[in-house]
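Here the structure is laid out as structure tokens; the discussion comes afterwards.
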There are 2 protein chains.
Amino acid sequence: MNFDRFIATKKLRELAKKAPDLTKDGALDAKRVEEMVVSGCQLRLLFSTERVNQEILHALEELAEESEACKKMAMIQNMEMVNYIEGYASENRAVGHTAMRGFFNEKKLSKKAREAAELEKIEIEKFRNFYKKVEGKYTDVAVVGIGGSYLGTQAVYNALSAYQKCKARLHFISNVDPDNMASALQEVDLKKTLVVVVSKSGGTLEIVSNEEVLRHYFESKGVNPKEHFVCVTGEKSPMDNPNLYAACFYLWDFVGGRYSVSSMVGVVPLGLTLGFDVVLEFLQGMHEMDQHVLETNPRKNIALMSALLDVWNRNFMNCPNLAIIPYAYGMSRFPAHLQQLIMESNGKHITQEGEYVNFGTSQTIFGEPGTDSQHSFFQCLHQGTDVVPIEFIGFRESQHDFDKESMGTSQRTKLNANLFAQAIALATGKKDENKNRDFKGNRQSRILLAKKLTPQILGQILSYYEHKTAFTGAIWHINSFDQEGVQLGKKLSLSILDLYKERAHKKGATPHPAQKEVQVAEAFIKHMENLEAPHIHLDYDVLKKHAQ
Amino acid sequence: MNFDRFIATKKLRELAKKAPDLTKDGALDAKRVEEMVVSGCQLRLLFSTERVNQEILHALEELAEESEACKKMAMIQNMEMVNYIEGYASENRAVGHTAMRGFFNEKKLSKKAREAAELEKIEIEKFRNFYKKVEGKYTDVAVVGIGGSYLGTQAVYNALSAYQKCKARLHFISNVDPDNMASALQEVDLKKTLVVVVSKSGGTLEIVSNEEVLRHYFESKGVNPKEHFVCVTGEKSPMDNPNLYAACFYLWDFVGGRYSVSSMVGVVPLGLTLGFDVVLEFLQGMHEMDQHVLETNPRKNIALMSALLDVWNRNFMNCPNLAIIPYAYGMSRFPAHLQQLIMESNGKHITQEGEYVNFGTSQTIFGEPGTDSQHSFFQCLHQGTDVVPIEFIGFRESQHDFDKESMGTSQRTKLNANLFAQAIALATGKKDENKNRDFKGNRQSRILLAKKLTPQILGQILSYYEHKTAFTGAIWHINSFDQEGVQLGKKLSLSILDLYKERAHKKGATPHPAQKEVQVAEAFIKHMENLEAPHIHLDYDVLKKHAQ
């Protein structure tokens, strides 16, 4: 059943024509704030600044019902087969990221999920023993991983570094760009560096290539890679080889890259740098939110309500983008992870029934922390020609015990006053005779609040986003767990690498690439080879002569 | 004259109905690559993967002509009054960022620009003397600045750190979030830290507040702020006070924040950390591009051609977004600066003639480095329901002398093969019986190429983007140099701060805020105050008991 054919969809389309205008007198007041709240674990979502009313919320509830979003959530957490496309060859498997933190409360899990949680517990214990053995031994940990094994871990590391219990710093060698590796290596002492190589299949181009180069580099410096490399990979993958690694930690095909932060992909590097306890608190927070989102009433399910509001803005208010703006310095890389999580999960063109969609799927996700972004692209959000819905994230307290007064208020108070001011200003706007100082307003946003960005709260927030992504995909009836769209470019890059090899080999002779795509690539390559070198001709005297 | 009323606009609207389909046999080949190139300084823009043909390019040239974009560029660089809105109170002034690097070739400048360049030369010499005095004295430099004084400087610092000649590290205290300051302070030794406070007006909330807190902090640790603080500010601003700073460097009201990297805003912190010579090379590159973009033939003007292609995609192909994807690890923060530069400049709702626009202005800009982004949001760019045009940036050589072979090709070769593969795959697509593996293609992009990311080339690239932004604004007849849209939120945040003060004062009593907006803020604040604390109840035993 294509999302577009639901009864609720038709109803919502009608309601969109008379969506509430937030700039109208009395449209936004304190009473409305109380009516538009949903809580989940220790998080609270305030959505009075969204363009919804009770009628629209009812219709959205019907949409949740009709699309069977909650049934799908239960299937996901029960590890039933949800990653498939009807009638076409596809991955055909369950997804099990919630089982990775399911061991806090195994009794509540399905049989399959419990089995997966048991497997993960073995890995956690393996890691805990390894952690005890190496604690204090390393000053630096370098992750060789890309996509989910990079962005998620980086987002969590930055967000929790205020609680760091170990002294080790975390680096990422993700990109095949040699400048990435070169600058990471500049900062570390190899003898005190542990490398964590992450690849589920053991075959990702970037990882295999970067690992090979790195091993040679360690050897060339007289440091034995075997003692300094551990891996996180699938059991029996080409990387699962105790002769090559000091330790191998496992993950399984039911844990997708962008959902893998709570598996050993995140646990190993984060545990080694933030500390094992910090990671465990984080996992607990994730598990708590997993339990919360099984609630089937959207008014009491924070992730489902947020998903419905996203669908409302995307498909009925026709907003193709969503900005995620944390008013929290530590969360500066969090939007980049969510960009991956949401766009890779829901940037799809067919439904699970194998039909082309005739509605918009994933928005373009972007964001930078406030207040920084207020001085950057917020001009465009206030007065640009497109309405960009925003999800703000705010906290009552700081992470560091450092919140100083100036001009009569604390830094934290200033930060939060700005957050609230933005949400309200975007909604209400302000008329002005001077058209350049006129604000049309009626631009929707919502605010996710928590007391403090602790490991546990971050876990709740990340799990909230994972589940909101899954709910959105469920409402749209798409498969949020595969990523066939990355294959074409990957294949073509291999053909172009063959062309490069051929050209290097023949030296001057013209190769005859079979594919027309490769012919185009060759034309590109020739341009690159003919680029002019920059030439420096600094005339210091010109400067000097005229200076006072 | 509103952009929408041009003759070329009508023509382009017709042409858009039959825009070339890049997936058609023979649509994209090596010959087309040669026909769709424009060079500027040492940069080259390949746009064969855009949805244009010669007829469309002609119409775009007519649009450039009709909108008098080149005349506007000359006016900008001649420092004529371009920052205004007809009929309304506005900033009413010239812009002079190109003069900040105009001293390389003063003879070519207008009288006003030459005067501005002369002023800047004095500052450069002042800085050079200061630099000589303090060279090697500081291990850390901390910028207190936000928006333009943060994002631009950070983007350049990251991009050029491979050429760093000084040992000093650069930090940013931009956000009013106390966790930003706290984590910066954790990393530095105050006695060896120089603070650069940047505020043109001397009155930005974040800056004044952060500086005040920081001064007290230095004093509390027995380090004299006067000896460790310098400022970059307007002459005679409240900050221009030799009793408070070891040195004051000037900028002028004709240099806008987002265009200020080449003024003392960037020169001081970048000079102190990268080295004076590196910054001078960077400025030279910017100046070279300034000269290039005065060319009036779009086929020979790289920034103008790129602006026209942006307008084509935005207004005629109806794509609201633009992704900027550098295949260069050092440029990881460059998209964040361009997001500010473009969205703050061109995210406007009125023309310079004071009419509301009836067409789309600034796109939403976002981006992360390739190949990382291929493993993140590229799924959505290939198979999502919205077409997102892309500007790729690529280099033939690496910055570091570190490019290792593995599996028969170097890392750099792999990187560039991926870049080219993405552009081609997005354009050509690929039919497949399996709808989930079907690629519709016809998704446009272009590739900006240079030999190597040197200081000079980075200067050319940044100047290219500054001018492309100005050209786009000129074509749309909007004012790319003010930012009235940030005012409303700023004002409201001050009212909310008053509310916070009142609440703290009355302790429990209900204040009666005058504004309805402030009443809403109070409802938000109450929610924040009532948030639950997280509670940790980790059961380690559960884990242990079940472990093998």
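The values are calculated or read from the model by the stated rules, or taken from the named source; none is laboratory data. All figures in this text were calculated on a predicted structure; none of them were measured in a lab. Here Cβ is always computed from backbone atoms with ideal geometry, including for glycine, and neighbour counts include all displayed protein chains. Areas reflect the complete protein model, heavy atoms only, side chains present, ligands, DNA and RNA absent. Shrake-Rupley method; radii C 1.70, N 1.55, O 1.52, S 1.80 Å.
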- Task: Quick one: P(r) of the stretch A:119-185 from all Cα-Cα pairs, 10 Å bins, percents rounded to integers, in order of increasing distance.
- Result: 18, 41, 36, 5
- Under 5 Å from the placed amide H of A:PHE172, counting only residues 5+ away or on other chains, we find A:VAL143
- What dipole magnitude, in Debye to the nearest 20, does the protein assembly as shown give about its Cα centre under +1 on Lys/Arg Cβ and -1 on Asp/Glu Cβ? 700
- Protein heavy-atom accessible area occluded, B/A pair - total, 1.4 Å probe, Å²: 16800
- Task: With a 1.4 Å probe and every protein chain left in place, tell me how much accessible area A:LYS191 has, in Å² to the nearest 10.
- Result: 140
- Note on the structure: Computed on Cα atoms, the radius of gyration and Dmax of the stretch B:212-256 in angstrom are 12.0, 38
- Query: Hey, what number do you get for chain A at 222 nm if only DSSP H runs of n ≥ 4 count, each worth -39500 (n - 2.57), divided across all residues, to the nearest 500?
  - Reply: -14000 deg cm²/dmol
- Item | Which of B:GLU115, B:GLU391, A:GLU65 is most accessible, then next, and so on - probe 1.4 Å | A:GLU65, B:GLU115, B:GLU391
- Item | Within the stretch B:381-535, percent of DSSP bridges classed antiparallel, to nearest 5 | 35
- At B:GLU502, label 7 Å along Cα→Cβ: distances to the other copies, nm, ascending? 7.5
- Message: How tilted is helix B:487-506 with respect to the longest principal axis of chain B? Cα atoms for both, answer in degrees (0 to 90, nearest 10).
- Response: 30
- Query: In chain B, what % of DSSP beta bridges are antiparallel (nearest 5)?
  - Reply: 30
- Read phi for every residue in the stretch A:52-63 and hand back ³J(HN,Hα) as whole Hz from Karplus 6.51 cos²θ - 1.76 cosθ + 1.60, θ = phi - 60°, with x for Gly and Pro. 10, 9, 4, 4, 5, 4, 4, 5, 5, 4, 5, 5
- Dipole magnitude of the stretch B:228-321 about its Cα centre (Cβ charges: Lys, Arg +1; Asp, Glu -1), debye to nearest 20: 320
- Task: Mind checking which chain B residue has its Cβ closest to the axis relating B to A, and how many whole Å off it is?
- Result: B:PHE366, 2
- Long-range amide H contacts for B:VAL357: which residues qualify at under 5 Å (H placed 1.01 Å from N, peptide plane, sequence gap of 5 or more or a different chain)? B:ILE350, B:THR351
- Item | Å² of accessible area per residue within the protein assembly as shown, as computed with a 1.4 Å probe and no ligands counted | 33
- Task: Over the whole of B:34-44, what's the average partner chain Cβ count within 10 Å per residue? Rounded to a whole number, please.
- Result: 2
- Taking the alpha-carbon centroid of each part, what is the distance from the stretch A:404-434 to the stretch A:118-193 in angstrom? 38
- How crowded by other chains is A:124-130, given as the mean number of beta carbons from other chains within 10 Å of each beta carbon? 2
- Using the reciprocal of the averaged 1/r over all distinct C-alpha pairs, how large is the Kirkwood radius of chain A in Å? 25.6
- Message: Could you tell me which residue out of A:SER237, A:ALA247, A:TYR217 lies farthest along the dipole of the stretch A:214-261 toward its positive end? Charges go on the beta carbon: Lys and Arg +1, Asp and Glu -1, centred on the Cα centre.
- Response: A:TYR217
- For A:342-353, what's the mean count of beta carbons from other chains sitting within 10 Å of each residue's beta carbon? 5
- Item | Cα pair count fraction exceeding 21 Å, expressed as % - the stretch A:329-442 | 54
- Heavy-atom accessible area order for A:ASP25, A:ASP240, B:ASP290, largest first, 1.4 Å probe: A:ASP25, A:ASP240, B:ASP290
- Message: How high is the relative contact order of chain B? Use alpha-carbon pairs under 8 Å, at least six apart in sequence, and give a whole percent.
- Response: 20
- Mean projected area, convex hull of alpha-carbon positions in the stretch B:81-230, reported to one decimal in nm², is 11.4
- Message: From the mean inverse distance of alpha carbon pairs (Kirkwood) and the Cα radius of gyration, derive Rg over Rh for the stretch B:383-502.
- Response: 1.17
- Under a cut-off of 18 Å between alpha-carbon atoms, report the aspartates and glutamates in cross-link reach of B:LYS17, not counting same-chain residues fewer than 8 places apart. B:ASP4, B:GLU50, B:GLU55, B:ASP310, B:ASP386
- Message: 5 Å is the cut-off here: which amide hydrogens, built 1.01 Å from N in the peptide plane, fall below it relative to A:VAL195, excluding neighbours closer than 5 in sequence?
- Response: A:ALA142, A:PHE229, A:VAL230
- All other residues with a Cβ under 12 Å from the Cβ of B:THR153 taken together, and with Lys, Arg as +1 and Asp, Glu as -1, what is their net charge? +2
- Rounded to whole Hz and in sequence order, give me ³J(HN,Hα) for the stretch A:377-394 from the Karplus expression 6.51 cos²θ - 1.76 cosθ + 1.60, θ = phi - 60°, writing x for Gly and Pro. 8, 5, 3, 5, 6, 7, 10, x, 8, 9, 7, 10, x, 10, 10, 7, 10, x
- Using the alpha carbon gyration tensor of the protein assembly as shown, what are the three equivalent-ellipsoid semi-axes (square root of 5 times each eigenvalue), largest first, in whole Å? 40, 35, 33
- How many angstrom lie between the C-alpha centres of the stretch A:1-35 and the stretch A:290-369? 18
- Item | Cα gyration tensor of the stretch B:52-137 - equivalent ellipsoid semi-axes, whole Å, descending | 36, 19, 13
- Throw me the Rg/Rh for the stretch B:300-381, computed over C-alpha atoms with Kirkwood Rh, two decimals. 1.02
- Note on the structure: Length-normalised contact order of the stretch B:310-379, Cα under 8 Å, at least 6 apart, in percent, tallies to 44
- Note on the structure: Expressed in angstrom and rounded, the centroid-to-centroid distance over alpha carbons for the stretch B:245-263 and the stretch A:73-87 is 57
- Note on the structure: Shortest first and in nm, the label-point separations between B:ASN358 and its counterparts in the other identical copies (7 Å out along Cα→Cβ) come to 3.1
- Note on the structure: Whole-number value, in Å³ per residue, for the convex hull of the alpha carbons of the stretch B:1-120 is 147
- Item | Under the Karplus curve 6.51 cos²θ - 1.76 cosθ + 1.60, θ = phi - 60°, whole-Hz ³J(HN,Hα) for the stretch B:341-348, x wherever Gly or Pro sits | 3, 7, 5, 6, 6, 10, x, 10
- Could you tell me what percent of the DSSP beta bridges with both partners in the stretch A:258-415 are antiparallel, to the nearest 5? 30
- Shape descriptors of the stretch B:215-333 over alpha-carbon atoms, Rg and Dmax in angstrom, are 20.3, 62
- Shortest-first nm distances, A:LYS10 label point to equivalent points in other copies (7 Å, Cα→Cβ): 4.2
